[in-house]
1. Within segment 164-194, take every residue that is more than 30 Å from the chain's Cα centre (by Cα) and of a type in the set (Phe, Trp, Tyr) and give me the one that is farthest from residue 346 (Cα to Cα).
2. Starting from residues that are more than 12 Å from the chain's Cα centre (by Cα) and within 16 Å of residue 405 (Cα to Cα), keep the ones in segment 117-135 and report whichever is modelled with the lowest pLDDT.
3. From the list 144, 104, 59, which one is modelled with pLDDT of 95 or more and outside the structural domain of residue 339 (by TED's automatic domain parsing)?
4. Look through 297, 293 and report the one residue that is more than 29 Å from residue 396 (Cα to Cα) and at pLDDT 95 or above.
5. For segment 298-332, enumerate the residues that are of a type outside the set (Gly, Ala, Ser), farther than 15 Å from residue 36 by Cα and in a helix (DSSP H, G or I).
6. List the helices (runs of 4 or more DSSP H) that sit entirely inside segment 1-118 and contain at least 1 residues that are within 12 Å of residue 299 (Cβ to Cβ) and of a type in the set (Ser, Thr, Tyr).
7. So in segment 185-203, with the set limited to residues that are in contact (Cβ under 8 Å) with a residue 40 or more places away in the chain and in a helix (DSSP H, G or I), which one is nearest to residue 23 (Cα to Cα)?
8. For segment 290-303, name all the residues that are within 19 Å of residue 252 (Cβ to Cβ) and of a type in the set (A, V, I, L, M, F, W, C).
Amino acid sequence: MFKPKFFSLISSYTKEQIIKDMTAGVVVAIIALPLSIALAIASGASPEKGLHTAIIAGFLISFLGGSRVQIGGPTGAFVIIVFGIIQKHGFDGLIIATIMAGIFLIIFGLVGLGTFIRLIPYPITTGFTSGIAVVIFTTQVKDFLGLSIEKMPAGFVGMWNSFALNARTINFWAAGVAFISLLTIIYWPKITGKIPGSLIAVIGASVAVYFFQIPVETIGSRFGEISSSLPAISLPVITFDKIEQLIMPSITIALLAGIESLLSAVVADGMIGSTHRPNAELIAQGTANIASGLFGGLPATGAIARTAANINNGGRTPIAGMTHAIVLLIMLVAFMPLAKFIPMSALAAILVIVAYKMSEWHSFKSLLRAPKSDITVLLITFLLTVFIDLVVAIEIGMILAALLFMKRMSDVTESGFTHEQAEDDTSDLKKYLDSRNIKLPKGVGIYEINGPFFFGIADKFLEGAVFDRSPVPVLIIRLRNVPAMDATGLHALTRLLSKCKDLGTQMILSEVRDQPMKTMTRAGFFNHLNLENVCFTFEAAVKRAAELRENSKKKH
């Protein structure tokens, strides 16, 4: 059922929480201001389009969404696909694609696909996210160094070839402004976290360029005067031919919006101990994208970094996100004309940081120790995103992941892995323990996985092992019927271990079989879990649990 969190929480609103939410919304708006402008320019649109998107879509995502704290707006994930659509179909093509993507998202939510979108394999999401980060970084090299290039060539190789050919045209003033802005963004949080470093960098660079007449390109010199008003609703001419041409790009936008918004909502759930409504979130994302397109804005989705900033500043209800949109509207009207003084090189520095944070290089590096099939999916998705096209990367990545999954399942069967037929009734834990004369200490939880631990059950595993049960002092994970584990399963187990540590729960792995053991060893999982907590029989696991409970009592 579609029921936005805003309306579910009305009865619980208090004056104190509303003040906290409004304060958090102001802080997030300050963060979103330079970022929205930078993302719009990087996407090939005019600067104000980013703010229009953050205001219109950001308000609707919070007002109608299935998450308490989601902050919506333009994100780095869309930069490459939006830039490509504008280059090929013009801005009118982007508006049509954005509206179509919104319709797809609403359909996804209505048919209940919210839970299924989260099942996209981890190597695919990491592959295309890292690829997008590399491409965003590449597109910012020209402005970061102030290179004199009339028209940037299309494609990753063409861009770097152009950089090499025009290396002598570096504007060292622009490079200096970019480098100082970069350092400001990195080190400002050490001074204070209340004001974002990106805003300080933009203001500082703009003031320096204006008063010292530093010869660098600014938003004004490239785009002219910037409008400070919201656009009126307008719809370009839509033909069947345009719809046919834009069907795949719009589906890609819808998938990216769905994936990123639900990932952001899951991260937010972990931070505030809540649960979001995935299908309501998709419907809200769809509505927001349709509205953004009608007002000439860009595609929008939930932004993980801005959502985290909202939570860290006390935001706990949709009022924070709605406040963020209203404050951005005030900033648009009051300060947008001043945006013409912002140096392009300072915005490039902001996007270099965005690219770095998007790269997920830690995750990418850890996945290189995963099974070969996952590495294959990761690298192919990454390389196709960088060198060919994001749409192609997602299509081929999904097809390849599905084929490899089917092959892996076939290999497991052919290798002779079978579920052992226990004589006891495993559905009746007490009967089983009594038959083996096993005394289970109080405060010990048992969770069992049956079958291959692949990407298809990773999310369900986390929900059952973490979110659907109360914390226990010791948690035994039985893996006796898990013949194989992939990178997504291992990632889920790693997240569970991290959650257990946060809750003060000791985790024990019981009856681990060969393939999962090799996968965990190769990935360095046991650097985080004491090997004494890995037991090869259930009896040994119960004995270890008793020891941990006894040690815990002695400490207290």
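The values are calculated or read from the model by the stated rules, or taken from the named source; none is laboratory data. The structure displayed is predicted, hence computed values, not measured ones. Glycine gets a Cβ as well: all are built from the backbone with ideal geometry, and neighbour counts include every protein chain shown.
1. Checked segment 164-194; the qualifying residue farthest from residue 346 (Cα to Cα) is 172.
2. Ranking the candidates gives 119 first.
3. Values: 104 fails: outside the structural domain of residue 339 (by TED's automatic domain parsing); 59 fails: outside the structural domain of residue 339 (by TED's automatic domain parsing).
Exactly one residue qualifies, and that residue is 144.
4. Details: 293 fails: more than 29 Å from residue 396 (Cα to Cα).
So the residue among 297, 293 that is more than 29 Å from residue 396 (Cα to Cα) and at pLDDT 95 or above is 297.
5. Step one: list which residues in segment 298-332 are of a type outside the set (Gly, Ala, Ser), which gives 298-299, 301, 304, 306-307, 310-313, 316-319, 322-324, 326-332.
In the following step, the residues that additionally are farther than 15 Å from residue 36 by Cα were identified as 310-313, 316-319, 322-323.
Result: 310, 311, 312, 319, 322, 323.
6. Values: elements: 5-8, 15-42, 47-64, 79-110, 114-117.
Helices (runs of 4 or more DSSP H) meeting the threshold: 47-64, 79-110.
7. Looking only at segment 185-203, we keep the residues that are in contact (Cβ under 8 Å) with a residue 40 or more places away in the chain, and these are 185-186, 194-196, 198-199, 201-202.
Filter once more, so that each one left must be in a helix (DSSP H, G or I): 185-186, 198-199, 201-202.
Numbers: 185: 22, 186: 24, 198: 19, 199: 17, 201: 22, 202: 22 Å.
My answer is 199.
8. Initially, segment 290-303 is screened for residues within 19 Å of residue 252 (Cβ to Cβ), giving 290, 292-293, 297-303.
Within segment 290-303, 290, 298, 300, 303 qualify.
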